[in-house]
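The values are calculated or read from the model by the stated rules, or taken from the named source; none is laboratory data. For clarity, every value in this text was computed on a predicted model and none was experimentally measured. Here Cβ is always computed from backbone atoms with ideal geometry, including for glycine, and neighbour counts include all displayed protein chains.
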Amino acid sequence: MAENRAPQALDVLRDVFGYPAFRGAQAEIIAHVASGGDALVLMPTGGGKSLCFQIPALLRPGCAVVVSPLIALMQDQVDALTQLGVKAACLNSTLDWREAQAVEQAIFSGNLDLVYIAPERLLLERTLAMLDALDEAGKLSLFAIDEAHCVSQWGHDFRPEYLQLSALHERYPQVPRIALTATADQATRNEILQRLGLVSARVFLSSFDRPNIRYTVVEKDNAKKQLLSFLAGRKGQAGIVYCMSRKKVEETAEWLSAQGYPALSYHAGLPAQERAANQRRFLREEGLVMCATIAFGMGIDKPDVRFVAHLDLPKSIEAYYQETGRAGRDGESSEAWMAYGMQDVAFQHSRIAESGANEGQKILESQRLTALLAYCEAPRCRRQVLLNYFGEERQPCGNCDVCENPPELWDGTLAAQKALSAIFRTGMRFGVTHLTDVLRGKMNDKVSQWGHDKLPTFGVGQDLDEHAWKSVFRQLAAAGLVHVDMAEHGALQLTEAAREVLKGQRQVQLRRPPLKRKSSTATAPSRSSSRAPSSELSAADEALFQILRQWRADTAREQGVPAYVILHDKTLRELAEVRPTSHGMLSGIIGMGSAKIEHYGQDLLQLIRDES
């Protein structure tokens, strides 16, 4: 049955969506689901997950139900499908009763291919009664559970309503289900399969690699200046800056705006109306920076986010991957930049310790944090470390700061012993600054008050400067030899593993920190990474590309939709390069399906003629 459907699926891909061929496992997933099979799909952001349920929805009779937690984005997703000629609607709390009734009637009358619905709405008795009637009439084609990692009870995007979605399998056992997520480590995958009743589903695991994203991590010094340096040459580009606190989000947005980078705020403490308005502006306007807590970003479809910056350490390596994955969904060159320091480590350890999780979950969360610290301090390719966490092996990528400027390794066993001894002899009650003063033999009131100038470790570390000792302590924390206790104001404490190092039974390899440079150059973007993607065009093609972008902006404004819903930058760039002269030639441009050609073909051909 799957073989018979393959050509049909390809026809839909080309005619409706305007793509010439499937990518990766898309064809296999679509065939499996269209034939009635259940699936769990793990595919990176920008990998084409949506097609894996949208095409089966068009191949199977009836209406597909897409479960999504993203009420604020549903209408944009529906608008994008409508532009393609797909009959879609959303059913959520933003609709009044007349609008909701109209959607329900459209479902029953066979006038909808897909309906997007929030999990809490889906589980209402009224909605389930509607689905029962649809199922009995053979008009329920499939269930797509998007952002499936929301079912993970201790995950960073947990939604309690997702725990009840196993009811779909029990109530409609013959209707295929496809659960999708952009990221999930092995523990989360198992949790998704168990909690959604998908234990017999096929699991499709795509590569987690995002080759178009360049990864950079810097030691936090003056975070604002470092961020400003990173942003040099990026004015006019859309980006996201993540901060840990609401206060820092607002301060950063205000400061960036003053520096000439128009920025908005997004966090859970803002009034819902303001939050929604800012999100809408970010999606619909070009060149805005969104300063946000982790409350922002899940499911963001904006394809041209050129950078994601972290001013604070995320919760885990999985959260980091998900957040950085919001850059470059269009496949164009993008950046993931992060500044971190020991205070970040202390804060995250404190968050885990004070959470209401059971002991086993706290251990798991600590392991995930340790994996992120290891990524930050790794002396080898960042992409290798990141993908290894998800079970993938890779060669060095050549597209991260470590590959471009490999650090020097040195035998840090003696330095580690000195640092660990200083922690132990000062009673494991002090932070990095004080410990560094003790090791370097620096007298001050605090050292004198505690009598630490009398310790054997006082002054034994004068061979390293303050910058180098901070690096040593960070790497010891990343290696699991030191624990940072926020309850003791960031005090460093020895772990059980430190005993082997102190006894000389374990060698410690450390990376030598790069030479201290002025912040204006220390984090400056490389020439290739800072340029706008469109600079690859010739001067004449670039001029046409900008004219097409202006036409798209005007068209989007008239229709009240985000610009990318009309056409992606990649499509506009190809139009500028190829300069098609007929509707037939338009059909060969990526992203130009039949509905887009019908709606915009004449305008596009006229614009191209005028500039040729």
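For region 482-531, what are the residues that are over 15 Å from Gly427 (Cα atoms), at pLDDT 70 or above and within 29 Å of the chain's Cα centre (by Cα)? Selection gives Arg511 alone. Looking at this structure, is Leu435 over 19 Å from Gln343 (Cα atoms), buried (at least 16 other Cβ atoms within 10 Å of the Cβ) and either among the aliphatic types (A, V, I, L, M) or in contact with a Gly (Cβ under 6 Å, 6 or more places away or on another chain) (or both)? Answer is no for this residue. Quick check, is Gly24 outside any strand (DSSP E or B), out of contact with any Asp or Glu (no Cβ under 9 Å at 6 or more places or on another chain), touching a residue at least 40 places away in the same chain (Cβ under 8 Å) and farther than 29 Å from Phe108 by Cα? Here the answer is yes, as Gly24 does meet what is asked. The residues listed here are Ala543, Ala556; of these, the one that is touching a residue at least 40 places away in the same chain (Cβ under 8 Å), within 25 Å of Ser334 (Cβ to Cβ), surrounded by fewer than 14 Cβ atoms within 10 Å (Cβ to Cβ) and not β-branched (Val, Ile, Thr) is Ala543.
Using the structure shown, decide if Glu99 is part of a helix (DSSP H, G or I), in contact with a strand residue (DSSP E or B) (Cβ under 8 Å, 6 or more places away or on another chain) and surrounded by fewer than 18 Cβ atoms within 10 Å (Cβ to Cβ). The answer is no for Glu99. For Leu476, the conditions (1) of a type outside the set (S, T, N, Q); (2) at pLDDT 90 or above; (3) within 18 Å of Met342 (Cα to Cα) all hold with the exception of (2). If the condition is being in a loop (DSSP other than H, G, I, E, B) and either touching a residue at least 40 places away in the same chain (Cβ under 8 Å) or of a type in the set (A, V, I, L, M, F, W, C) (or both), then region 399-440 contributes Asn399, Asn405, Pro407, Glu408, Gly412, Met428, Arg429, Phe430, Gly431. Within region 264-278, residues that are in the same structural domain as Gln237 (by TED's automatic domain parsing) and of a type outside the set (Gly, Ala, Ser) reach partners that are surrounded by fewer than 20 Cβ atoms within 10 Å (Cβ to Cβ) and assigned to a helix (DSSP H, G or I) with beta carbons closer than 7 Å, at six or more positions or on different chains, in the pairs Leu264/Arg281; His267/Arg246. Would region 135-142 turn up any residue that is among the basic types (Lys, Arg) and part of a loop (DSSP other than H, G, I, E, B)? Yes, region 135-142 contains a residue that is among the basic types (Lys, Arg) and part of a loop (DSSP other than H, G, I, E, B). Of Pro396, Pro379, all but one fail to be within 30 Å of the chain's Cα centre (by Cα), in the same structural domain as Ala336 (by TED's automatic domain parsing), part of a loop (DSSP other than H, G, I, E, B) and within 22 Å of Leu311 (Cα to Cα); the exception is Pro379.
With Ser582, Ser538 as the choices, which residue is without any contact (Cβ under 8 Å) to a residue 60 or more places away in the chain, outside the structural domain of Leu51 (by TED's automatic domain parsing), exposed (fewer than 14 other Cβ atoms within 10 Å of the Cβ) and in contact with a helix residue (DSSP H, G or I) (Cβ under 8 Å, 6 or more places away or on another chain)? Result of the check over Ser582, Ser538: Ser582. Could you count how many residues in region 156-166 are in a helix (DSSP H, G or I) and either among the basic types (Lys, Arg) or surrounded by 14 or more Cβ atoms within 10 Å (Cβ to Cβ) (or both)? Selection size over region 156-166: 6. Scanning region 342-366 for residues that are free of Cβ contacts under 8 Å to residues at least 60 places away in the same chain and either surrounded by 15 or more Cβ atoms within 10 Å (Cβ to Cβ) or touching a Pro at 6+ places or on another chain (Cβ under 9 Å) (or both), we see that the one that is nearest to Val218 (Cα to Cα) is Gln348.
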